[in-house]
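Working notes for the structure below.
Bear in mind that the values in this text are calculations on the coordinates, not laboratory data. Note that the structure is a prediction, hence the values are computed from the model and not measured. Here the Cβ is made from the backbone with ideal geometry for all residues, glycine too, and neighbour counts use every protein chain on show.
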Amino acid sequence: MAKIVGALVLLCVLPAISMAARPEKKPYCVRGRVYCDHCKAGFETPASTYLEGAKVKLECRHRHTQNVLYSAEAVTDATGSYKIFVHNDQKDNVCDTILVSSPHKTCSIPDQGRDRSRVVLTSYNGVVSYDRYANNMGFMVNEPLSFCSQLMQQYQLTEDEV
């Protein structure tokens, strides 16, 4: 009788232990891209290229104390894309992806205003997916390319077009 009770307890306890050992949820996947602004436009243009080998950092800070609670880094692939996996819900923390470095010496100046992107990493906001997309971030060149002035004319609005 004791063997049967022991076997039944074992059959009931083992599944509970295995479920407790499994992670609760899938990790969040922060995705984004890093580009080189060849025209110093301050945004992506047809002349922009995506950078392979750029380093990006994700930092999550406490909303009030600004202490860093979570940090992770990634490197962009051939398409200028990166992925950073975050295994726990950041709840009320403030998370940003930040440019760290560019592999290209001619395109290594972080574009102010496009050098970081805010990302929300919580399930308590109505977003069902675990994929989170950061805005594209960019580096600028020292000198714009020669055809950039003609390219930038496409973006100028006259008073008649407004």
Of 33, 118, 61, how do they rank once you tally other Cβ atoms within 10 Å and put the fewest first? 118, 61, 33
Within region 60-118: Cβ-based charge dipole about Cα centre, in debye rounded to nearest 20 (Lys, Arg +1; Asp, Glu -1): 120 debye
Taking neighbour counts of Cβ atoms within 10 Å as a proxy for exposure, in what order, fewest first, do 69, 58 appear? 69, 58
Would you mind computing, in nm to one decimal, how far apart the modelled labels at residue 52 and residue 149 are, each placed 7 Å from Cα along Cα→Cβ? 3.4 nm
Spatial extent of region 34-153: Rg and Dmax, with the Cα atoms as the point set, Å: 15.9, 49
